[in-house]
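The values are calculated or read from the model by the stated rules, or taken from the named source; none is laboratory data. The model shown is predicted, which means the values in this text are computed figures rather than measured ones. Heads up, the Cβs are rebuilt from the backbone with ideal geometry, glycines too, and the neighbour counts pull from every protein chain shown.
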Amino acid sequence: MLRITDTVALADWEITETFHRASGPGGQNVNKVSSAVTLRFEAARSPNLSPAVKARLRRLAGRRWTTEGALIVTSDRFRSQPLNREDAREKLAALVRAALTPPRPRIPTRPGRGAIERRLRAKASRSAKKALRGPVDPEE
């Protein structure tokens with residue numbers, strides 16, 4: 001069980017971990033030890049998340065969201081498997097925590113009086129400039 005907040009926790013059946021060899025430094029061990037972790041969270045099937053949270057999570061996940069509705073998180077920062085496992089779980093928890101907070105509603109505002117006056121002055125000057133571009137009268 002992965003606890004996200006006091007009210008939200010992800011069950012063990014929703015999370016699958018696979019281990020593989022990591023790239024990068026590691027000396028002789030790098031070719032022998034599977035220390036990198038790929039964590040797969042079945043977000044679309046999760047009963048613990050509301051549809052709105054799932055939609056926000058999908059938008060936050062980006063390319064990490066699969067067509068089956070799973071979220072893929074990888075970690076190979078550390079040389080040890082337990083640290084990478086904990087890091088991947090923390091990344092997942094941070095993503096879900098970010099999706100749990102709803103976006104602030106946009107409060108529509110109106111332009112100030114100065115902005116309106118500047119816009120009208122600029123409009124008048126453009127109009128005057130273009131009025132001078134008319135055909136030239138040969139009598140003058």
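Only one of the listed residues (Thr5, Thr38) is among the hydroxyl-bearing types (Ser, Thr, Tyr), more than 17 Å from the chain's Cα centre (by Cα) and within 22 Å of Thr101 (Cβ to Cβ). That residue is Thr5. Could you grab me the full set of residues in the stretch 60-82 that are in contact (Cβ under 8 Å) with a residue 40 or more places away in the chain and outside any helix (DSSP H, G or I)? Within the stretch 60-82, Asp76, Phe78, Arg79, Ser80 qualify. Of the residues making up the stretch 25-37, at least one is among the β-branched types (Val, Ile, Thr), at negative phi, outside any loop (DSSP other than H, G, I, E, B) and touching a strand residue (DSSP E or B) at 6+ places or on another chain (Cβ under 6 Å). On the basis of being surrounded by 12 or more Cβ atoms within 10 Å (Cβ to Cβ), in contact (Cβ under 8 Å) with a residue 24 or more places away in the chain and in a helix (DSSP H, G or I), does Arg85 make the cut? Yes: the conditions hold for Arg85. Taking the conditions (1) farther than 20 Å from Ala36 by Cα; (2) of a type in the set (Asp, Glu); (3) surrounded by 10 or more Cβ atoms within 10 Å (Cβ to Cβ); (4) modelled with pLDDT under 90 in turn, Asp76 satisfies each one other than (1). Here Pro51, Pro102 are screened, and the one residue that is exposed (fewer than 10 other Cβ atoms within 10 Å of the Cβ) and touching a helix residue (DSSP H, G or I) at 6+ places or on another chain (Cβ under 8 Å) is Pro102.
Sub-7 Å Cβ pairs linking a first residue in the stretch 7-22 that is closer than 12 Å to Ser75 by Cβ and touching a residue at least 60 places away in the same chain (Cβ under 8 Å) to a second residue that is hydroxyl-bearing (Ser, Thr, Tyr) and surrounded by 14 or more Cβ atoms within 10 Å (Cβ to Cβ), at least 6 apart or interchain, are Ala22/Ser35, ordered by first then second residue.
Each row is one residue, and each column tells you yes or no for (1) surrounded by 16 or more Cβ atoms within 10 Å (Cβ to Cβ); (2) at pLDDT below 85; (3) in contact with a Pro (Cβ under 6 Å, 6 or more places away or on another chain); (4) of a type in the set (A, V, I, L, M, F, W, C).
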residue	(1), (2), (3), (4)
Thr16	no, no, no, no
Ser23	no, yes, no, no
Gln28	no, yes, no, no
Arg40	yes, no, no, no
Arg56	yes, no, no, no
Leu60	no, no, no, yes
Trp65	yes, no, no, yes
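Would you please name the residue that is modelled with the lowest pLDDT, looking only at residues in the stretch 107-140 that are in a helix (DSSP H, G or I) and of a type in the set (Gly, Ala, Ser)? Looking at residues that are in a helix (DSSP H, G or I) and of a type in the set (Gly, Ala, Ser), I get Ala131. Residues in the stretch 75-115 that are more than 27 Å from Pro47 (Cα to Cα) and β-branched (Val, Ile, Thr): Ile107, Thr109.
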